[in-house]
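One structure is given below, encoded as structure tokens.
The values are calculated or read from the model by the stated rules, or taken from the named source; none is laboratory data. All of these numbers come straight from a predicted model, not from anything done at the bench. Every residue, glycine as well, gets a Cβ built from its backbone with ideal geometry; the counts of neighbours run over all protein chains shown.
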Amino acid sequence: MSSHPGPSAPPDSKPLHKNEQLKAESDFLRGHILRDLADHSTGGITEESAQLTKFHGIYAQDDRDLRSERRKAGREKAFSFMARVRLPGGVCSPGQWLALDALADQHANGTLKITTRQTFQFHGILKGNLWRTINGINRALLDTIAACGDVNRNVICNANPEHSELHAGVYRLACAVSEHLLPRARAYHELWVGELLVGGGEPEAEPIYGRTYLPRKFKIAIAIPPDNDVDVFSNDLGFIAITDAAGRLEGFNVTVGGGLGMSHNQIETYPRLADLLGFCAPEQVVEVAEKILTVQRDHGDRTDRKHARLKYTIEDRGLAWFRAEVERRLGYALGTPRAFHFEHNGDRYGWTNLPDGRSHFTLFVQSGRVKDEPGYRLKSALREVALAHKGEFRLTANQNLVIANVAPTDRPRLEALLAKHRLDRANDASGLKLNAMSCVALPTCGLALAESERYLPELVAELEAEFAAVGLRQEEVTLRVTGCPNGCGRPFLGEIALVGKSPGKYNVYLGGAFNGSRLNALYRANVVDADIAALLRPIIQRYAAERRPSERFGDFVIRTGYVSPTGRPEDFHESKASGAAPS
Ligand code: SRM
Ligand code: SF4
């Protein structure tokens, strides 16, 4: 039996969201997935199965470029599936890279996508290839369990290790938290790994989640100051490593209630930065994560999925209530948060040399898309790197890649490979390009309102020309673009951000902090893509002329009055945006 009961009506008797019943009746996430996969009359699966496969790391999608043509031809949508790997801390071996690279060619669209949560996605998997893909991922000793769905998602942690020992410890913790918070039921293994269903024995249990899992997704990040490359404040739960003067780990500040998703024109939905909750010792991290997750399990809103993230539970009940509830379950009080300082939320590119002679190479990958293009065969190049590399790969939460732990004797060979494929020159881009991210959006994302990944190269070219024209080509400025306000490219933390409104139109946000510690605010709504460079040109020119020494773009636009971020919901919705020129 699971320790947590199934759904019951909330006190105010608002009906539970229909997904709650679906989860409760799914036999621990089995539902009719097998039946749907065996149905050869369609390339898709039922809506119920599509909700349940998410918990197995699989999304049902269709090619949106083909939608209207297929509708006109009276054909069903061009269905395919996206699969997301669970990869705590973003670390994989060269052998695993090669296995995923081959799966992308054999069963998906021939690309690997590095996500903003440090993992891989496969796109364009046809139904007939789905089992082979997921099974192949498991054969590579990886899995896709809980990469999506109302559960704890991929646990992310710092990927640009300067202090290797500290990072190794934090990475081990990320893995431990991820493993501890995995669903325990065996549905995934039966469906995708070929584990036989054995009758009798103990009834299945889901000791942490219960039959209805969480009200909504739950995200955990671990940051190591001064790097905030995981954007820790955008996570439901964050741990910020605190070290002593010698760099030894003392423990973690605990943050709760971050989240970025919102819906246009629904002021009751909004991005929110996490609050500092307390401090815990390294050995308490897993337990603290579990108790915080269970408070959200029991008190999160199961009636309205747009109000179901931890950020709303904390807004509704208050941080003091939340802390008391967590401490009651822990049986001890959390410590007082300690001082810390973040410098940036982007990645540091190129070679990093460790004192023991090993080194890491951080490679810029635009939008995290690993593919072969004429003149830049990134996917083939990385396959060659993987064949030669003896360390590991680390995916960053900014969609980039670290070729990590290169032994001194292996470095010349890797340098030669990077030069041969011009990968060493990828990092020679402008400061804007190196700090730009986009979400996937069209054609695979079913929620996209506008282009994002496919638009980013053009947008970057336009805006970097504006910065170059005023002598600031190398100026680091974070630019984030998403095709809708769900926030997958963490736009509300960007110094400049575009959020898709409708095809070719974006809401423009300004004023995020370069270190990820402040949300931005809406500057102008519904801007046509062709007008964005012209909209920002006078601001960029004024920045060049009037900036204070070392002043960041995001700070400048606030000081000079273009936006006044408050972190409140009105900052993100249209009524607030005047777009008027500042005094
Ligand atoms: Fe996301 C839904 C892609 C990180 C907030 N996200 C989606 C879906 C699955 C669309 C859907 O539900 O049908 C997108 C699939 C697109 C595709 O074709 O691949 C999608 N999200 C992504 C990725 C791949 C963006 C990327 O280009 O890297 C990221 C995968 C992360 C991972 O590996 O797990 C991704 N998504 C994020 C982040 C950033 C983060 O976690 O650091 C956010 C904002 C932080 C947050 O969660 O608050 C984010 N995604 C959402 C939301 C809004 C959630 C909310 O609370 O409102 C949705 C929609 C939903 O859940 O209903 C969503
Ligand atoms: Fe899709 Fe919106 Fe997420 Fe972009 S931000 S991937 S458009 S859900």
Picking from R454, R411, R473, which residue would you name as being more than 16 Å from ligand 2 (Cβ to nearest atom) and farther than 25 Å from I539 by Cα?
-> R411
Checklist (1) more than 16 Å from ligand 2 (Cβ to nearest atom); (2) assigned to a strand (DSSP E or B); (3) in contact (Cβ under 8 Å) with a residue 60 or more places away in the chain applied to N526, failing item = (3)
Of the numbered conditions (1) in a loop (DSSP other than H, G, I, E, B); (2) crowded, with 20+ Cβ neighbours inside 10 Å; (3) near ligand 1 (Cβ under 8 Å from one of its atoms), M437 fails exactly one; give the number of that condition.
-> (1)
Count - residues of segment 64-96 that are of a type outside the set (A, V, I, L, M) and over 22 Å from the mean Cα position of the chain (by Cα) | 15
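If we scan segment 389-397, do we find a residue that is crowded, with 21+ Cβ neighbours inside 10 Å, within 16 Å of ligand 1 (Cβ to nearest atom) and over 28 Å from I496 (Cβ atoms)? Quick ask: steps written out before the conclusion?
Taking segment 389-397 and keeping what is crowded, with 21+ Cβ neighbours inside 10 Å, we get 389, 393-397.
Adding the requirement that they be within 16 Å of ligand 1 (Cβ to nearest atom) leaves 393-397.
Filter again for over 28 Å from I496 (Cβ atoms), leaving 393.
For segment 389-397, residues crowded, with 21+ Cβ neighbours inside 10 Å, within 16 Å of ligand 1 (Cβ to nearest atom) and over 28 Å from I496 (Cβ atoms): present.
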Under 6 Å by Cβ, and 6 or more places apart or on different chains, what pairs join a residue from segment 420-438 that is within 16 Å of R369 (Cα to Cα) with one that is acidic (D, E) and within 16 Å of ligand 2 (Cβ to nearest atom)?
-> S438/E453
Of the conditions (1) within 12 Å of ligand 1 (Cβ to nearest atom); (2) surrounded by 22 or more Cβ atoms within 10 Å (Cβ to Cβ); (3) more than 27 Å from S164 (Cβ to Cβ), the single one that N400 does not satisfy is (3)
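For R542, are the conditions met, namely being free of Cβ contacts under 8 Å to residues at least 24 places away in the same chain and of a type in the set (K, R)? Spell out the reasoning first.
Details: free of Cβ contacts under 8 Å to residues at least 24 places away in the same chain: yes; of a type in the set (K, R): yes.
For R542, the condition - free of Cβ contacts under 8 Å to residues at least 24 places away in the same chain and of a type in the set (K, R) - is met.
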Please name all residue pairs, on different chains or six or more residues apart, with Cβ atoms under 6 Å, provided the first residue is in segment 265-283 and is more than 20 Å from L330 (Cα to Cα) and the second residue is charged (D, E, K, R) and within 16 Å of ligand 1 (Cβ to nearest atom).
-> T269/K306; R272/K311
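What are the residues in segment 305-334 that are outside any helix (DSSP H, G or I) and buried (at least 16 other Cβ atoms within 10 Å of the Cβ), if any? Write out each step before concluding.
Here is the first cut: in segment 305-334, the residues outside any helix (DSSP H, G or I) are 308-309, 318, 331-334.
Result: A308, R309, L334.
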Checked pairs for segment 116-145, first in a loop (DSSP other than H, G, I, E, B), second basic (K, R) and within 16 Å of ligand 2 (Cβ to nearest atom), C-beta under 7 Å and 6 or more apart or across chains, list as T116/R490; R117/R153; T119/R84; T144/R84
Please specify each residue of segment 71-100 satisfying the condition of being under 18 Å from Q118 (Cα atoms) and assigned to a strand (DSSP E or B).
-> M82, A83, R84, R86, V91, C92
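In segment 305-319, is there at least one residue being touching a Leu at 6+ places or on another chain (Cβ under 8 Å), in contact (Cβ under 8 Å) with a residue 12 or more places away in the chain, over 21 Å from H180 (Cβ atoms) and away from ligand 1 (no atom under 16 Å from the Cβ)?
The first filter runs over segment 305-319 and keeps only residues touching a Leu at 6+ places or on another chain (Cβ under 8 Å), leaving 310, 319.
Narrowing further to those that are in contact (Cβ under 8 Å) with a residue 12 or more places away in the chain: 310, 319.
Filter once more, keeping what is over 21 Å from H180 (Cβ atoms): 319.
If we keep only those that are away from ligand 1 (no atom under 16 Å from the Cβ) too, we end up with 319.
Among the residues of segment 305-319, at least one is touching a Leu at 6+ places or on another chain (Cβ under 8 Å), in contact (Cβ under 8 Å) with a residue 12 or more places away in the chain, over 21 Å from H180 (Cβ atoms) and away from ligand 1 (no atom under 16 Å from the Cβ), which makes the answer yes.
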Within segment 59-116, restricting to residues that are away from ligand 2 (no atom under 16 Å from the Cβ) and of a type in the set (S, T, Y), the one that is surrounded by the most Cβ atoms within 10 Å (Cβ to Cβ) is S93
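Return the residues of segment 277-288 that are outside any helix (DSSP H, G or I) and surrounded by fewer than 18 Cβ atoms within 10 Å (Cβ to Cβ); say none if nothing qualifies. First the steps, then the outcome.
Here is the first cut: in segment 277-288, the residues outside any helix (DSSP H, G or I) are 277-281.
If the condition is that a residue be outside any helix (DSSP H, G or I) and surrounded by fewer than 18 Cβ atoms within 10 Å (Cβ to Cβ), then A281 is the only one that fits.
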Boolean, K291 is within 30 Å of K501 (Cα to Cα) and either part of a strand (DSSP E or B) or of a type in the set (K, R) (or both) | no
Could we say that L166 is at pLDDT below 95 and in a helix (DSSP H, G or I) here?
-> yes
Go through segment 60-81 and give me each residue that's acidic (D, E) and more than 16 Å from ligand 1 (Cβ to nearest atom).
-> E69, E76
Determine which member of the set G487, G500, G504 is near ligand 2 (Cβ under 9 Å from one of its atoms) and either of a type in the set (F, W, Y) or surrounded by fewer than 24 Cβ atoms within 10 Å (Cβ to Cβ) (or both).
-> G487
Can you name the condition, by its number, that R454 falls short on among (1) within 15 Å of ligand 1 (Cβ to nearest atom); (2) of a type in the set (K, R); (3) closer than 23 Å to A274 by Cα?
-> (3)
Selected residue [of a type outside the set (S, T, Y), in contact (Cβ under 8 Å) with a residue 60 or more places away in the chain and closer than 23 Å to T409 by Cα] from L334, L363 = L363
Within the set of pairs 6 or more residues apart or between chains, which connect a residue that is without any contact (Cβ under 8 Å) to a residue 40 or more places away in the chain and on the phi < 0 side of the Ramachandran plot inside segment 370-382 to a residue that is part of a strand (DSSP E or B) and of a type in the set (D, E) with Cβ atoms less than 6 Å apart?
-> none
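Would you confirm, using the coordinates I've provided, whether L273 is farther than 24 Å from V481 by Cα and among the aliphatic types (A, V, I, L, M)? Please lay out each step first, then the result.
On the way: farther than 24 Å from V481 by Cα: no; among the aliphatic types (A, V, I, L, M): yes.
Here the answer is no, as L273 does not meet what is asked.
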Is it true that some residue in segment 145-164 is within 16 Å of ligand 2 (Cβ to nearest atom), in contact with a Ser or Thr (Cβ under 8 Å, 6 or more places away or on another chain) and of a type in the set (S, T, N, Q)?
-> yes
Please specify each residue of segment 244-257 satisfying the condition of being under 26 Å from the mean Cα position of the chain (by Cα) and either within 16 Å of ligand 2 (Cβ to nearest atom) or not small (G, A, S) (or both).
-> L249, F252, N253, V254, T255, V256
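Regarding L493, is this residue among the hydrophobic types (A, V, I, L, M, F, W, C), within 16 Å of ligand 2 (Cβ to nearest atom), touching a Leu at 6+ places or on another chain (Cβ under 6 Å) and at pLDDT 95 or above?
On the way: among the hydrophobic types (A, V, I, L, M, F, W, C): yes; within 16 Å of ligand 2 (Cβ to nearest atom): yes; touching a Leu at 6+ places or on another chain (Cβ under 6 Å): no; at pLDDT 95 or above: yes.
Considered against the rule, which asks whether it is among the hydrophobic types (A, V, I, L, M, F, W, C), within 16 Å of ligand 2 (Cβ to nearest atom), touching a Leu at 6+ places or on another chain (Cβ under 6 Å) and at pLDDT 95 or above, L493 comes out as no.
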Within segment 262-269, is there a residue that is among the hydrophobic types (A, V, I, L, M, F, W, C) and within 16 Å of ligand 2 (Cβ to nearest atom)?
-> yes
